[in-house]
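Please treat every number below as a calculation from the coordinates, not as lab data. Predicted model only: the values in this text are computed from it and were never measured. Cβ atoms come from the backbone with ideal geometry, glycine included; neighbour counts cover every protein chain shown.
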Amino acid sequence: MTTTDNTADTPTAFRKWMLLVSVTLATTIYSMTVLIVSVVLPQMQGTLSATPDQISWVMTFNILATAVVTPITGWLTSHFGWRNVMLNSVLGFVLATVLCGQADTLQSLVIYRILQGGFGAPLVPLAQAVLLDSFERRQHGLVTSIFGMGVVVGPIIGPVFGGYLSEIFNWRWAFYMIVPFGVAGYLGLWIFLRDGGREAGKRFDWTGFLALSFAICCLQLLLDRAERLDWFESPEIIFEAAFGAFAFYIFIVHSLISRQPLLDPKLLLNRNYAIGLVIVLIYGMLNFTPMVMLPPMLKGIAGYPESIIGLLLSARGGGALLGFFLAVWVGKLDPRIGMLIGFGLLVWSGWHMMTFDMNVTSFDVGLSSAVQGLAVGILWVPLTIATFATIDNTKLAQTMSVFHLLRNVGSSIFISLSVTILVRTSSINYARMTEFISPFNKLLGFPVNHEAFDISGVSGLAAISIELDRQADMIGFLNAFGAFTVASALALPLVLLVRMPRKPAS
């Protein structure tokens with residue numbers, strides 16, 4: 001039986017809205033660190049004398065820690081209460097962030113990033129569960145919209161300001177800038193957050209936790225290292241795939257036969273919740289992928305400076321803010337309408353990115369980024385409302401943890417898939433285009449081409465190689481954008497399967 005702290009009176013409107021501000025601030029600082037490290041990786045690599053393969057562990061182990069801890073948010077809440085979990089998560093996250101900024105070795109930085117991901121993992125699912133429980137159902141649309149700004153806009157503004165501070169000072173300030181906001185969020189939660197969410201007598205499912213943790217770790221390691229190790233040509237990848245599949249099999253079987261599983265499979269019998277999990281998986285796939293793919297394309301092919309790239313990516317933040325404001329109005333309609341509009345905009349933006357060429361303008365990039373942000377802002381509120389429309393409040397912490405787990409897993413899967421598409425198709429097209437480099441190709445004999453691409457000399461062959469590499473990479477990026485478009489379109493028929501409960505007659 002779930003127990004909530006009822007010793008205090010019903011919270012006033014002021015207390016509830018201040019709770020919303022505090023919770024949003026606490027989750028914003030966590031979401032800001034999702035992609036902020038990608039901006040300062042080159043500086044970190046030079047300072048810590050690490051290879052590209054070694055420095056990648058700074059991001060990989062943080063993602064792994066987040067993925068492992070997220071599923072146990074429900075148990076932590078039932079055992080310790082959401083006040084203790086939220087306060088300790090924010091405090092641990094802030095301390096780990098300070099330690100990340102002070103790290104002098106790669107090993108210590110990786111350890112602190114693991115702590116940062118582990119402490120921050122419960123923040124987003126538990127914060128949303130607290131808000132949905134604290135506010136009346138008629139206010140869920142507005143509350144989710146405001147809260148979503150922190151979840152979605154944080155990863156957008158974090159890299160912009162983090163990159164700016166790292167250029168002025170160094171990469172450590174990308175972490176230090178988060179600390180004041182974390183302290184403010186902690187104080188707000190200490191004042192306004194009441195206890196609740198406890199469930200007496202619920203034991204911890206160690207078997208399910210360990211099996212799911214191993215499965216997630218193997219999946220993330222496989223996705224992160226497979227392309228580098230030539231996929232299943234590597235014994236390591238074969239081992240990770242086999243061990244991960246076996247661990248997930250153990251988790252499924254144990255969840256079906258256990259009396260108190262880590263994640264109750266009976267919740268999947270809820271139609272909207274089951275469909276919502278699939279949709280949020282696709283949502284996660286589409287959320288961060290363009291932010292990872294666009295900077296290397298703009299820098300390496302179009303030659304944009306970092307400052308301009310940051311501004312173009314910030315257009316996504318502006319679109320997201322507008323989308324969340326519109327979501328308040330869209331939330332008054334059927335949630336399926338908002339989801340169809342959001343995914344429709346993502347399909348258009350993906351198609352627009354497929355029209356990019358090597359001379360892509362800043363207007364086209366900014367437009368696609370703004371439309372993606374607008375779509376993400378519009379999508380989040382109706383997706384959350386539709387998924388949890390028929391979920392009991394006592395199950396919010398557990399169901400919300402799975403919801404955000406799949407969002408994170410979707411991001412990891414599709415980013416790795418997009419990088420694989422980029423690398424594979426680029427190499428294939430480079431090999432095909434080299435077949436046309438021959439003295440018998442009359443195009444190379446034209447005076448305008450002969451001056452720049454003289455195949456009779458080493459410098460001319462080098463220039464040809466560089467140009468072919470740029471064009472092959474551009475084709476690879478376009479193929480990755482095509483996968484983004486297809487994934488966006490796949491979500492549209494799933495939205496039509498959602499069934500909203502009828503509103504009671506007035």
Positive-end residue, segment 173-296 charge dipole about Cα centroid, Cβ charges, pick of L277, V292, Q260: Q260
Cα gyration tensor category, rounded, prolate or oblate, for segment 205-261 with a/c compared to 1.5: prolate
Cα-centred dipole magnitude for segment 170-293, charges only on beta-carbon of K, R (+1) and D, E (-1), debye, nearest 20: 620
Segment 83-99 versus segment 338-414: alpha-carbon centroid distance in Å: 28
Phi-based couplings in Hz for segment 334-339 (Karplus 6.51, -1.76, 1.60; Gly and Pro marked x): 4, x, 5, 5, x, 5
